[in-house]
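Reading through the C-alpha coordinates given below for one structure.
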Amino acid sequence: MLNGFMEKLVAGRWIAGPTVSDVMERGRRFNRLGIGAIMNYLGEALTSQEDIKDAMDSYREILKRVEKGDRLTQISVKPTQIGLSVSPDMAKKNYAEIVRLAGEKDIFVWVDMEESELVDSTIELYMSQLPNKNTGLCMQAYLRRTMDDVKKVTEKDGTIRLVKGAYTEPDNVAYKTKAEIDKNYIEIMQYLFDNSPRFMIASHDDKIIERAREINRERKKDVWYAMLNGIRNQYLVDLQKKGETVFAYIPFGKKWVQYSFRRMQEAGHISLLMRSMLHGQKI
Ligand SMILES: Cc1cc2nc3c(=O)[nH]c(=O)nc-3n(C[C@H](O)[C@H](O)[C@H](O)COP(=O)(O)OP(=O)(O)OC[C@H]3O[C@@H](n4cnc5c(N)ncnc54)[C@H](O)[C@@H]3O)c2cc1C
(Lines give C-alpha, C1' and ligand atoms only; values in the text may rest on other atoms or scores of the structure.)
Protein backbone atom coordinates (compact mmCIF):
# COMPACT_ATOMS: atom_id res chain seq x y z
CA MET A 1 0.00 0.00 0.00
CA LEU A 2 2.88 2.32 0.86
CA ASN A 3 4.31 1.51 -2.56
CA GLY A 4 1.09 2.49 -4.28
CA PHE A 5 0.92 5.74 -2.30
CA MET A 6 4.58 6.61 -2.97
CA GLU A 7 4.18 5.72 -6.62
CA LYS A 8 1.36 8.23 -7.00
CA LEU A 9 3.11 10.89 -4.95
CA VAL A 10 6.46 10.57 -6.65
CA ALA A 11 5.63 9.29 -10.11
CA GLY A 12 3.23 12.16 -10.70
CA ARG A 13 5.52 14.81 -9.32
CA TRP A 14 9.02 13.92 -10.53
CA ILE A 15 8.61 11.06 -13.01
CA ALA A 16 6.53 11.14 -16.17
CA GLY A 17 5.33 7.54 -15.86
CA PRO A 18 6.50 4.13 -17.01
CA THR A 19 6.32 4.49 -20.81
CA VAL A 20 7.74 6.47 -23.73
CA SER A 21 4.23 7.80 -24.36
CA ASP A 22 4.15 9.16 -20.78
CA VAL A 23 7.41 11.05 -21.17
CA MET A 24 6.47 12.38 -24.62
CA GLU A 25 3.16 13.62 -23.22
CA ARG A 26 4.82 15.27 -20.18
CA GLY A 27 7.46 16.76 -22.50
CA ARG A 28 4.77 18.26 -24.73
CA ARG A 29 3.17 19.94 -21.71
CA PHE A 30 6.47 21.69 -20.98
CA ASN A 31 6.99 22.43 -24.70
CA ARG A 32 3.65 24.26 -24.86
CA LEU A 33 5.12 26.69 -22.30
CA GLY A 34 8.27 27.11 -24.39
CA ILE A 35 10.28 24.83 -22.07
CA GLY A 36 12.43 22.04 -23.46
CA ALA A 37 12.32 18.44 -22.20
CA ILE A 38 15.37 16.27 -21.50
CA MET A 39 14.12 12.69 -21.44
CA ASN A 40 15.91 10.08 -19.32
CA TYR A 41 15.02 6.42 -18.96
CA LEU A 42 15.32 5.27 -15.33
CA GLY A 43 17.76 2.52 -14.46
CA GLU A 44 21.50 2.20 -13.88
CA ALA A 45 24.20 -0.41 -13.33
CA LEU A 46 22.39 -2.67 -15.79
CA THR A 47 24.11 -5.93 -16.63
CA SER A 48 21.41 -8.11 -18.16
CA GLN A 49 21.11 -8.00 -21.95
CA GLU A 50 17.36 -7.71 -21.58
CA ASP A 51 17.51 -4.63 -19.32
CA ILE A 52 20.07 -2.93 -21.56
CA LYS A 53 17.90 -3.68 -24.60
CA ASP A 54 14.88 -2.18 -22.78
CA ALA A 55 16.82 1.03 -22.15
CA MET A 56 18.10 1.17 -25.72
CA ASP A 57 14.62 0.48 -27.11
CA SER A 58 13.19 3.36 -25.09
CA TYR A 59 15.68 5.82 -26.57
CA ARG A 60 15.18 4.33 -30.06
CA GLU A 61 11.45 4.82 -29.67
CA ILE A 62 11.79 8.47 -28.57
CA LEU A 63 14.13 9.17 -31.48
CA LYS A 64 11.69 7.49 -33.86
CA ARG A 65 8.71 9.51 -32.64
CA VAL A 66 10.32 12.93 -32.28
CA GLU A 67 10.05 15.43 -35.15
CA LYS A 68 13.25 16.18 -37.04
CA GLY A 69 14.92 19.34 -35.73
CA ASP A 70 12.79 19.53 -32.57
CA ARG A 71 14.91 21.91 -30.45
CA LEU A 72 12.69 21.33 -27.41
CA THR A 73 13.41 17.61 -27.11
CA GLN A 74 16.72 16.21 -25.87
CA ILE A 75 17.66 12.86 -24.38
CA SER A 76 20.06 12.04 -21.56
CA VAL A 77 21.63 8.62 -21.26
CA LYS A 78 23.32 6.96 -18.28
CA PRO A 79 26.47 5.07 -19.36
CA THR A 80 25.63 2.09 -17.15
CA GLN A 81 22.21 1.67 -18.68
CA ILE A 82 23.66 1.22 -22.16
CA GLY A 83 26.31 -1.34 -21.19
CA LEU A 84 29.19 0.35 -19.31
CA SER A 85 28.80 -2.11 -16.41
CA VAL A 86 29.34 -4.95 -18.90
CA SER A 87 32.13 -3.48 -21.03
CA PRO A 88 33.28 -0.08 -22.33
CA ASP A 89 33.00 -1.46 -25.88
CA MET A 90 29.34 -2.36 -25.46
CA ALA A 91 28.58 1.13 -24.09
CA LYS A 92 30.50 2.76 -26.96
CA LYS A 93 28.64 0.72 -29.57
CA ASN A 94 25.25 1.56 -28.06
CA TYR A 95 26.14 5.22 -27.56
CA ALA A 96 27.31 5.43 -31.18
CA GLU A 97 23.93 4.10 -32.30
CA ILE A 98 22.01 6.62 -30.16
CA VAL A 99 24.17 9.50 -31.42
CA ARG A 100 23.66 8.35 -35.03
CA LEU A 101 19.87 8.05 -34.66
CA ALA A 102 19.71 11.40 -32.86
CA GLY A 103 21.91 12.95 -35.55
CA GLU A 104 19.44 11.86 -38.25
CA LYS A 105 16.78 13.92 -36.44
CA ASP A 106 19.15 16.68 -35.27
CA ILE A 107 18.33 15.91 -31.63
CA PHE A 108 20.74 16.71 -28.76
CA VAL A 109 22.10 13.79 -26.67
CA TRP A 110 23.51 14.19 -23.15
CA VAL A 111 25.61 11.67 -21.23
CA ASP A 112 24.76 11.63 -17.51
CA MET A 113 27.58 11.37 -14.98
CA GLU A 114 27.37 8.61 -12.34
CA GLU A 115 29.70 7.51 -9.50
CA SER A 116 33.25 8.88 -9.38
CA GLU A 117 34.91 5.59 -10.34
CA LEU A 118 33.11 5.83 -13.69
CA VAL A 119 34.30 9.33 -14.58
CA ASP A 120 37.28 8.25 -16.74
CA SER A 121 35.30 5.67 -18.70
CA THR A 122 32.38 8.10 -19.08
CA ILE A 123 34.63 10.84 -20.45
CA GLU A 124 36.16 8.30 -22.84
CA LEU A 125 32.68 7.22 -23.92
CA TYR A 126 31.62 10.82 -24.54
CA MET A 127 34.86 11.66 -26.38
CA SER A 128 34.35 8.64 -28.67
CA GLN A 129 31.67 10.64 -30.52
CA LEU A 130 33.44 14.02 -30.64
CA PRO A 131 33.50 16.33 -32.48
CA ASN A 132 29.73 16.55 -32.53
CA LYS A 133 27.71 19.71 -31.99
CA ASN A 134 24.72 17.71 -30.76
CA THR A 135 26.26 15.91 -27.78
CA GLY A 136 27.04 17.04 -24.24
CA LEU A 137 28.47 15.60 -21.03
CA CYS A 138 27.36 16.11 -17.44
CA MET A 139 30.12 17.12 -14.99
CA GLN A 140 29.81 17.29 -11.20
CA ALA A 141 31.14 20.32 -9.28
CA TYR A 142 31.43 18.31 -6.01
CA LEU A 143 34.33 16.27 -7.45
CA ARG A 144 37.78 17.72 -6.74
CA ARG A 145 38.99 16.64 -10.22
CA THR A 146 36.18 18.25 -12.22
CA MET A 147 37.82 21.56 -13.21
CA ASP A 148 40.62 19.60 -14.94
CA ASP A 149 38.08 17.33 -16.66
CA VAL A 150 36.00 20.29 -17.82
CA LYS A 151 39.11 21.87 -19.34
CA LYS A 152 39.97 18.62 -21.14
CA VAL A 153 36.49 18.25 -22.60
CA THR A 154 36.08 21.94 -23.46
CA GLU A 155 39.41 21.96 -25.32
CA LYS A 156 37.97 19.22 -27.57
CA ASP A 157 34.87 21.38 -28.20
CA GLY A 158 32.67 19.24 -25.96
CA THR A 159 29.56 20.74 -24.38
CA ILE A 160 29.21 20.66 -20.58
CA ARG A 161 26.10 20.33 -18.40
CA LEU A 162 27.27 21.47 -14.97
CA VAL A 163 25.60 19.95 -11.88
CA LYS A 164 26.60 19.80 -8.22
CA GLY A 165 26.56 15.97 -8.05
CA ALA A 166 24.14 13.43 -6.61
CA TYR A 167 26.12 10.41 -5.34
CA THR A 168 27.74 9.66 -1.99
CA GLU A 169 31.49 10.03 -2.49
CA PRO A 170 34.53 9.78 -0.16
CA ASP A 171 36.11 12.97 1.23
CA ASN A 172 39.34 12.61 -0.74
CA VAL A 173 37.34 12.57 -3.98
CA ALA A 174 34.56 15.07 -3.37
CA TYR A 175 33.96 18.36 -1.60
CA LYS A 176 31.44 17.88 1.17
CA THR A 177 30.13 21.24 2.32
CA LYS A 178 27.65 23.31 0.36
CA ALA A 179 30.04 26.27 0.56
CA GLU A 180 32.91 24.30 -1.03
CA ILE A 181 30.70 22.75 -3.70
CA ASP A 182 29.11 26.08 -4.61
CA LYS A 183 32.54 27.74 -4.78
CA ASN A 184 33.81 25.08 -7.18
CA TYR A 185 30.58 25.28 -9.19
CA ILE A 186 31.01 29.03 -9.65
CA GLU A 187 34.70 28.71 -10.58
CA ILE A 188 33.89 26.09 -13.22
CA MET A 189 30.96 28.18 -14.45
CA GLN A 190 33.31 31.15 -14.81
CA TYR A 191 35.73 28.96 -16.79
CA LEU A 192 32.87 27.97 -19.09
CA PHE A 193 31.89 31.60 -19.61
CA ASP A 194 35.51 32.31 -20.58
CA ASN A 195 36.12 29.25 -22.73
CA SER A 196 32.95 27.66 -24.05
CA PRO A 197 30.38 29.07 -26.48
CA ARG A 198 27.52 26.99 -25.07
CA PHE A 199 26.88 25.11 -21.83
CA MET A 200 24.09 24.11 -19.47
CA ILE A 201 23.64 25.28 -15.87
CA ALA A 202 21.69 22.38 -14.33
CA SER A 203 20.65 23.45 -10.84
CA HIS A 204 17.71 24.61 -8.74
CA ASP A 205 19.94 27.05 -6.90
CA ASP A 206 18.61 30.54 -7.61
CA LYS A 207 21.82 32.16 -6.32
CA ILE A 208 23.84 30.29 -8.93
CA ILE A 209 21.30 30.77 -11.69
CA GLU A 210 20.94 34.50 -11.07
CA ARG A 211 24.74 34.85 -10.93
CA ALA A 212 25.00 33.12 -14.33
CA ARG A 213 22.29 35.36 -15.78
CA GLU A 214 24.06 38.44 -14.48
CA ILE A 215 27.40 37.39 -16.01
CA ASN A 216 25.67 36.54 -19.27
CA ARG A 217 24.09 39.94 -19.64
CA GLU A 218 27.56 41.04 -20.77
CA ARG A 219 28.98 37.79 -22.13
CA LYS A 220 25.96 36.84 -24.26
CA LYS A 221 26.86 33.14 -24.40
CA ASP A 222 24.44 30.41 -25.37
CA VAL A 223 23.57 29.36 -21.79
CA TRP A 224 20.89 26.74 -21.21
CA TYR A 225 19.27 26.31 -17.79
CA ALA A 226 17.81 23.01 -16.60
CA MET A 227 16.04 21.68 -13.53
CA LEU A 228 14.66 18.30 -12.57
CA ASN A 229 10.96 17.94 -13.31
CA GLY A 230 8.83 18.73 -10.30
CA ILE A 231 11.37 20.51 -8.10
CA ARG A 232 10.91 24.18 -9.14
CA ASN A 233 8.71 24.10 -12.23
CA GLN A 234 7.39 27.60 -11.64
CA TYR A 235 10.94 28.95 -11.62
CA LEU A 236 11.49 27.32 -15.03
CA VAL A 237 8.37 29.05 -16.32
CA ASP A 238 9.56 32.40 -14.90
CA LEU A 239 13.01 32.03 -16.48
CA GLN A 240 11.45 31.14 -19.84
CA LYS A 241 9.29 34.26 -19.67
CA LYS A 242 12.43 36.30 -19.02
CA GLY A 243 13.81 35.03 -22.32
CA GLU A 244 16.13 32.27 -21.07
CA THR A 245 16.49 28.87 -22.79
CA VAL A 246 15.24 26.37 -20.23
CA PHE A 247 14.77 22.63 -19.97
CA ALA A 248 13.06 20.23 -17.58
CA TYR A 249 14.86 16.92 -17.07
CA ILE A 250 12.13 14.30 -17.06
CA PRO A 251 12.82 10.73 -15.97
CA PHE A 252 10.49 7.96 -17.02
CA GLY A 253 10.36 4.17 -16.70
CA LYS A 254 9.51 1.58 -14.14
CA LYS A 255 12.57 1.95 -11.88
CA TRP A 256 11.32 4.97 -9.98
CA VAL A 257 12.20 3.84 -6.43
CA GLN A 258 15.99 4.28 -6.69
CA TYR A 259 15.59 7.67 -8.36
CA SER A 260 13.16 8.88 -5.75
CA PHE A 261 15.39 7.83 -2.87
CA ARG A 262 18.31 9.76 -4.38
CA ARG A 263 16.18 12.91 -4.63
CA MET A 264 15.06 12.45 -1.01
CA GLN A 265 18.62 11.86 0.24
CA GLU A 266 19.85 15.15 -1.20
CA ALA A 267 20.45 18.34 0.73
CA GLY A 268 17.35 19.14 2.68
CA HIS A 269 16.20 15.50 2.68
CA ILE A 270 12.56 15.45 3.56
CA SER A 271 12.40 19.24 3.41
CA LEU A 272 13.39 19.09 -0.28
CA LEU A 273 10.51 16.68 -0.82
CA MET A 274 8.12 18.91 1.07
CA ARG A 275 9.32 22.03 -0.74
CA SER A 276 8.97 20.33 -4.09
CA MET A 277 5.43 19.36 -3.08
CA LEU A 278 4.71 23.02 -2.31
CA HIS A 279 6.72 24.69 -5.07
CA GLY A 280 7.08 21.91 -7.64
CA GLN A 281 3.91 22.79 -9.57
CA LYS A 282 3.05 19.79 -11.64
CA ILE A 283 3.05 20.67 -15.35
C1 LIG B 1 18.98 18.86 -15.34
C2 LIG B 1 19.73 18.11 -14.28
C3 LIG B 1 20.48 17.02 -14.61
C4 LIG B 1 21.21 16.33 -13.62
N5 LIG B 1 22.04 15.30 -13.98
C6 LIG B 1 22.85 14.74 -13.06
C7 LIG B 1 23.82 13.77 -13.42
O8 LIG B 1 23.94 13.36 -14.57
N9 LIG B 1 24.65 13.29 -12.44
C10 LIG B 1 24.55 13.72 -11.13
O11 LIG B 1 25.35 13.28 -10.29
N12 LIG B 1 23.61 14.60 -10.76
C13 LIG B 1 22.77 15.12 -11.69
N14 LIG B 1 21.83 16.06 -11.30
C15 LIG B 1 21.55 16.27 -9.85
C16 LIG B 1 22.50 17.29 -9.24
O17 LIG B 1 23.79 16.76 -9.16
C18 LIG B 1 22.04 17.69 -7.83
O19 LIG B 1 22.03 16.56 -7.03
C20 LIG B 1 20.68 18.35 -7.77
O21 LIG B 1 20.46 19.18 -8.88
C22 LIG B 1 20.56 19.23 -6.50
O23 LIG B 1 21.52 20.27 -6.57
P24 LIG B 1 21.18 21.83 -6.80
O25 LIG B 1 22.13 22.34 -7.85
O26 LIG B 1 19.77 22.02 -7.11
O27 LIG B 1 21.60 22.51 -5.49
P28 LIG B 1 21.24 22.31 -3.92
O29 LIG B 1 22.42 22.88 -3.21
O30 LIG B 1 20.79 20.92 -3.63
O31 LIG B 1 19.99 23.23 -3.73
C32 LIG B 1 20.25 24.58 -3.95
C33 LIG B 1 19.17 25.50 -3.61
O34 LIG B 1 18.10 25.35 -4.54
C35 LIG B 1 16.95 25.79 -3.93
N36 LIG B 1 15.96 24.72 -3.98
C37 LIG B 1 16.17 23.42 -4.21
N38 LIG B 1 15.00 22.78 -4.25
C39 LIG B 1 14.03 23.68 -4.01
C40 LIG B 1 12.60 23.64 -3.91
N41 LIG B 1 11.93 22.52 -4.06
N42 LIG B 1 11.95 24.78 -3.68
C43 LIG B 1 12.61 25.92 -3.52
N44 LIG B 1 13.95 26.01 -3.59
C45 LIG B 1 14.64 24.92 -3.84
C46 LIG B 1 17.30 26.18 -2.52
O47 LIG B 1 17.61 27.53 -2.51
C48 LIG B 1 18.53 25.36 -2.26
O49 LIG B 1 19.35 25.90 -1.26
C50 LIG B 1 21.11 16.75 -12.27
C51 LIG B 1 20.35 17.87 -11.95
C52 LIG B 1 19.69 18.56 -12.92
C53 LIG B 1 18.91 19.78 -12.52
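Below, the figures for the structure above:
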| quantity | calculated |
| --- | --- |
| Residues whose placed amide H lies under 5 Å from that of LEU228, excluding near-sequence neighbours | TYR249 |
| For the chain: accessible area per residue (Å², 1.4 Å) | 46 Å² |
| For segment 90-164 and segment 189-204, distance of Cα centres in Å | 15 Å |
| For segment 145-157, 3J(HN,Hα) per residue [Karplus equation, 6.51 cos²θ - 1.76 cosθ + 1.60, θ = phi - 60°, Hz, x = Gly/Pro] | 7, 5, 4, 4, 5, 4, 4, 4, 6, 5, 4, 8, 6 |
| Long-range HN-HN contacts of ALA174 with modeled amide H, under 5 Å | ARG144 |
| Backbone HN-Hα couplings from phi across segment 197-208 [Karplus 6.51/-1.76/1.60, Hz, Gly and Pro as x] | x, 8, 7, 10, 9, 10, 6, 9, 7, 5, 5, 5 |
| Overall form of the chain per C-alpha gyration tensor (a/c, 1.5; a/b vs b/c) | rounded |
| Cα shape, segment 137-240, gyration tensor, a/c 1.5 rule | oblate |
| Whole-Hz ³J(HN,Hα) from phi, Karplus 6.51 cos²θ - 1.76 cosθ + 1.60, for segment 42-56, glycine and proline x | 6, x, 8, 6, 7, 10, 7, 4, 5, 5, 5, 5, 4, 5, 4 |
| Estimated dipole of segment 93-238 in Debye, rounded to 20 [Cβ of Lys and Arg +1, of Asp and Glu -1, Cα centre] | 420 debye |
| Global geometry of segment 30-100, whether rounded, prolate or oblate, following the gyration tensor of its Cα atoms and the 1.5 cut on a/c | prolate |
| Gain in span if fully extended, MET127 to GLU210, counting 0.36 nm per residue against the direct Cα distance | 26.8 nm |
| Sum of -39500 (n - 2.57) over DSSP H runs of 4+, divided by residues of the chain (222 nm, nearest 500) | -15000 deg cm²/dmol |
| Protection-proxy order for peptides 104-113, 36-45, each taking the mean of Cβ atoms within 10 Å per residue, highest first | 36-45, 104-113 |
| Gaussian network model of the chain, Cα within-10 Å springs - most flexible of LYS176, LYS241, LYS220 | LYS220 |
| Rounded percent of accessible protein surface that carbon and sulfur make up, the chain, 1.4 Å probe | 53 percent |
| GLN74 long-range amide H proximity, modeled H, under 5 Å | ALA37, ILE38, MET39 |
| Peptides ranked, highest mean first, by Cβ atoms within 10 Å: ranges 244-255, 63-74, 179-190 | 244-255, 179-190, 63-74 |
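The values are calculated or read from the model by the stated rules, or taken from the named source; none is laboratory data. Remember, it's a predicted structure, so these values are computed and weren't measured experimentally. Counting neighbours? That spans all protein chains shown, and the Cβs are built from the backbone with ideal geometry, glycine included. Protein only, heavy atoms only, side chains kept; ligands, DNA and RNA dropped before computing areas. Shrake-Rupley method; radii C 1.70, N 1.55, O 1.52, S 1.80 Å.
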